Amino acid sequence: MSPSKSLRILVVEDEILIALELESLLQDLGHDVIGIAASCEEAVAMGKNLAPDLAFVDIHLSDGPTGVDVSRCLTGELGVTVLFMTANAKRIPEDCAGACGVIAKPYTERGVREALAYITSEQQDERQAARTMTFVPFGALRREDNPQVS
């Protein structure tokens with residue numbers, strides 16, 4: 001994905017104010033938010049029907065801590081790139097459920113921008129990616145090197 005490409009983004013978040021705020025930020029950054037899902041079932045159905053490029057996925061949704069399941073389905077079955085957005089990174093499993101990073105909640109505009117830059121960069125070299133308090137790429141990083149994902 002090139003940096004200038006407008007991404008089709010699915011927001012998976014059960015807190016509507018957070019979802020709408022993120023939608024507005026993503027649109028301001030030039031991306032197309034194609035849907036907002038509040039549960040695992042909604043997210044999977046939207047992923048299948050709308051074919052997003054990227055999904056921002058909260059871990060804890062209206063039907064419980066099902067964001068991990070959403071990530072596994074979107075990445076494994078549909079080939080969607082997933083970023084977790086959560087205040088509870090400890091719920092992210094060792095295999096990261098296919099996601100390529102996490103944005104800490106409460107998120108910042110800077111964290112979202114950094115995550116999008118990482119996703120859209122043609123050179124996704126995790127060793128050179130900036131680790132911040134707001135966005136942590138997964139990939140080759142080991143959990144013991146990354147206290148935010150332990």
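Quick look at the numbers
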{"quantity": "Residue in region 78-87 that is surrounded by 14 or more Cβ atoms within 10 Å (Cβ to Cβ), assigned to a helix (DSSP H, G or I) and of a type in the set (A, V, I, L, M, F, W, C) present", "calculated": "no"}
{"quantity": "Condition check for residue 48: at pLDDT 95 or above, farther than 21 Å from residue 24 by Cβ and basic (Lys, Arg)", "calculated": "yes"}
{"quantity": "Residue match in region 37-55 (condition: in contact with a strand residue (DSSP E or B) (Cβ under 6 Å, 6 or more places away or on another chain) and under 15 Å from residue 138 (Cα atoms))", "calculated": "no"}
{"quantity": "Given (1) at pLDDT 95 or above; (2) surrounded by fewer than 17 Cβ atoms within 10 Å (Cβ to Cβ), index of the condition residue 90 fails", "calculated": "(1)"}
{"quantity": "Region 89-108, subset among the charged types (D, E, K, R) and assigned to a loop (DSSP other than H, G, I, E, B), residue nearest to residue 25 (Cα to Cα)", "calculated": "105"}
{"quantity": "Considering residues of region 43-64 that are free of Cβ contacts under 8 Å to residues at least 40 places away in the same chain and outside any helix (DSSP H, G or I) only, the residue surrounded by the most Cβ atoms within 10 Å (Cβ to Cβ)", "calculated": "59"}
{"quantity": "Candidate set: region 21-42, residues that are touching a Lys or Arg at 6+ places or on another chain (Cβ under 8 Å) and free of Cβ contacts under 8 Å to residues at least 40 places away in the same chain; chosen: the one surrounded by the most Cβ atoms within 10 Å (Cβ to Cβ)", "calculated": "34"}
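The values are calculated or read from the model by the stated rules, or taken from the named source; none is laboratory data. Given the structure is predicted, the values throughout are model-derived calculations rather than measurements. We place every Cβ from the backbone using ideal geometry, glycine too, and count neighbours over all the protein chains shown.
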